1. Condition (residue is in contact with a Phe, Trp or Tyr (Cβ under 9 Å, 6 or more places away or on another chain), farther than 25 Å from Phe167 by Cβ and in contact (Cβ under 8 Å) with a residue 12 or more places away in the chain) applied to the stretch 108-122: is it met by at least one residue?
2. Counting just the residues of the stretch 61-95 that are among the charged types (D, E, K, R) and surrounded by 17 or more Cβ atoms within 10 Å (Cβ to Cβ), which one comes out nearest to Met306 (Cα to Cα)?
3. I'd like the full set of residues that are in a loop (DSSP other than H, G, I, E, B), under 16 Å from Cys74 (Cα atoms) and either among the hydrophobic types (A, V, I, L, M, F, W, C) or open to solvent by 80 Å² or more (accessible area, probe 1.4 Å) (or both), limited to the stretch 321-353.
4. Within the stretch 209-218, how many residues are open to solvent by 20 Å² or more (accessible area, probe 1.4 Å) and either under 15 Å from Val258 (Cα atoms) or among the small types (Gly, Ala, Ser) (or both)?
5. Could you please find all residues in the stretch 143-165 being open to solvent by 20 Å² or more (accessible area, probe 1.4 Å), touching a residue at least 12 places away in the same chain (Cβ under 8 Å) and not hydrophobic (A, V, I, L, M, F, W, C)?
6. Across the stretch 232-273, what is the total count of residues that are more than 15 Å from the chain's Cα centre (by Cα), farther than 17 Å from Pro98 by Cα and hydroxyl-bearing (Ser, Thr, Tyr)?
7. Return the pairs, sorted by first residue and then second, in which the second residue is open to solvent by less than 30 Å² (accessible area, probe 1.4 Å) and assigned to a helix (DSSP H, G or I), the first residue lies in the stretch 81-100 and is closer than 11 Å to Val39 by Cβ and of a type outside the set (A, V, I, L, M), the beta carbons are less than 7 Å apart, and the residues are 6+ apart or on different chains.
Amino acid sequence: MDIRRNAVDLTSQERDRFLEAVIRLKHRPAPAGPAGVSVYDQFVALHSAVMTVLPPGSPPNPPVNYAHWNIGFCAWHRQYVRQFEKALQAEVPGVTVPYWDWTDHTGALDRLFTGGFLGSLHSGTPAPLTDSVLRSPVPPAERPAWWPTDIPGAKGFPIHPLLAEGFGTRLARGRGALTWPPGTAQIAQLEQLVRQQPGAHPFWFFWAALEEGFMAQAAGGSQVFAPTHNTGHNFIGGHMSGAFSPNDPVFWLHHANVDRLWATWQTRRLAAVPGSKPKDHYPPPQQPSPSTGKPQPPGHGLNDRMWPWVGATPGYETAQPPQLKALLPDFSGDDAVTVLDVLDTQTMDAAGYRYA
C-alpha cells in the first residue's frame with residue numbers, strides 16, 4: 001500500500017525522488033500527443049477541460065463542471081491525484097504525493113516553500129520563480145545530482161504556452177493579502193463537521209466547507225472565517241490561481257491535503273456509525289442540494305461516471321477549443337470509474353493508499 005506523508009517530514013531522499021519524478025514527467029512526451037506536449041501538460045489541460053463537460057445527450061449549454069462546485073469535488077480530485085501519482089511512479093517507482101498541512105505554516109515556510117523544494121512564495125504581482133528546480137531554465141551548475149541527464153532537452157520546468165493563462169511560460173506565483181493559514185482548531189472542527197438537517201446528508205455541508213471555507217467557532221464563541229481549498233489556491237497565486245492550476249506542483253500537495261481531510265472525516269463517520277459503509281457517508285443519488293434545491297449534476301452522484309474516466313462510453317465532449325482538446329490524455333481504454341469506486345482510498349485500486 002502506498003503511504004502519503006506530510007511534505008515537511010520528508011527525508012531529503014524522499015523529497016528528491018518526488019522532485020525527480022515531477023521533472024521527468026514534465027519532459028515525458030505525451031503518447032500520441034502534439035510535439036512539445038508532456039504527460040504533465042496533459043494533466044494540466046485536463047483540469048480545465050473537466051470544467052466544461054458535455055455529457056451524452058445533453059444540450060450544448062451550459063456545460064457541466066464535473067470536478068468543482070458540487071459534491072463530486074472530493075471524489076473527482078481523489079481520482080485525479082491518484083492517476084497523477086501513478087504517472088509519477090512510472091517515472092520513479094515507489095514515489096508518492098506528499099501533502100501540504102495548511103495549519104503548519106511555519107513548517108511550510110521552512111521546509112516546503114524553499115529553493116531546495118518547491119520554490120519560494122511571492123507577494124504582490126505574479127512573477128516567475130527565481131529559485132528551486134521549478135525554474136525555467138535551471139542553470140546547469142545548479143542542477144542537483146539527480147537531474148535527469150538522460151532526457152534530451154530537460155533544462156527546467158517550462159509552462160506550455162497554451163496553458164500559461166496570461167502568467168507566462170515560466171512558473172509564476174504572486175498573491176494579495178488573504179486570510180491564511182487556517183488554524184489547527186479550525187481544521188479540527190472541519191474534520192468533525194456533522195450538520196444534521198432533515199433531507200440533507202451531512203456530506204453536503206462538509207464538502208462545501210472543504211472546498212469553499214466555512215465559519216468556525218473562535219475562542220469566546222464568536223464566528224470567524226476558516227479558509228480552506230479555494231483560498232489556498234489564491235494564497236499561492238500566479239498559475240496556481242487559474243483553471244490550469246496544476247501547472248504549479250504545489251497543486252498536488254494542496255489536493256493531497258484536501259483528500260486527507262476528507263479521508264479523516266470519512267474515518268470518523270464510519271466509527272461514529274457502527275456497521276456503516278463508505279457509501280453511507282455520501283448523499284444518496286436523488287437527494288437535491290440543501291442550499292439550491294437543484295438535483296446533483298452529472299458526474300457528482302454516487303453511481304455517476306466521472307469524466308474522463310468513462311471507459312468506452314460514447315457521447316462525452318468538452319467545450320474546449322480544438323488546440324486544447326489535442327492536449328488531453330486518453331483514458332478510453334481504461335475501465336469506467338464512478339464516485340462509488342473511489343470512496344475508500346485503500347481499496348480504490350489494486351495497491352491503495354493511506355496517509356501517515
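1. The answer is yes; a qualifying residue exists.
2. Arg78
3. Hits for the stretch 321-353 are Val337, Val339, Leu343, Gln346, Met348.
4. Result for the stretch 209-218: 3.
5. Of everything in the stretch 143-165, those that are open to solvent by 20 Å² or more (accessible area, probe 1.4 Å), touching a residue at least 12 places away in the same chain (Cβ under 8 Å) and not hydrophobic (A, V, I, L, M, F, W, C) turn out to be Pro144, Gly153, Lys155, Pro158, His160, Glu165.
6. 1
7. Listed pairs, sorted by first residue: Phe84/Phe43; Phe84/Trp252; Glu91/Ala21; Glu91/Leu25.
Per-residue answers, yes or no, for (1) part of a loop (DSSP other than H, G, I, E, B); (2) open to solvent by 30 Å² or more (accessible area, probe 1.4 Å); (3) in contact with a strand residue (DSSP E or B) (Cβ under 7 Å, 6 or more places away or on another chain); (4) over 21 Å from Val339 (Cβ atoms):
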position	(1), (2), (3), (4)
Trp207	no, no, no, no
Leu253	no, no, yes, yes
Thr264	no, yes, no, no
Thr267	no, yes, no, no
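The values are calculated or read from the model by the stated rules, or taken from the named source; none is laboratory data. Quantities reported herein were computed from a predicted structural model and do not represent experimental measurements. In this analysis, Cβ positions are derived from the backbone assuming ideal geometry, glycine residues included, and neighbour counts consider all displayed protein chains. The accessibility values were calculated without ligands, DNA or RNA, using every heavy atom of the protein model including side chains. Shrake-Rupley method; radii C 1.70, N 1.55, O 1.52, S 1.80 Å.
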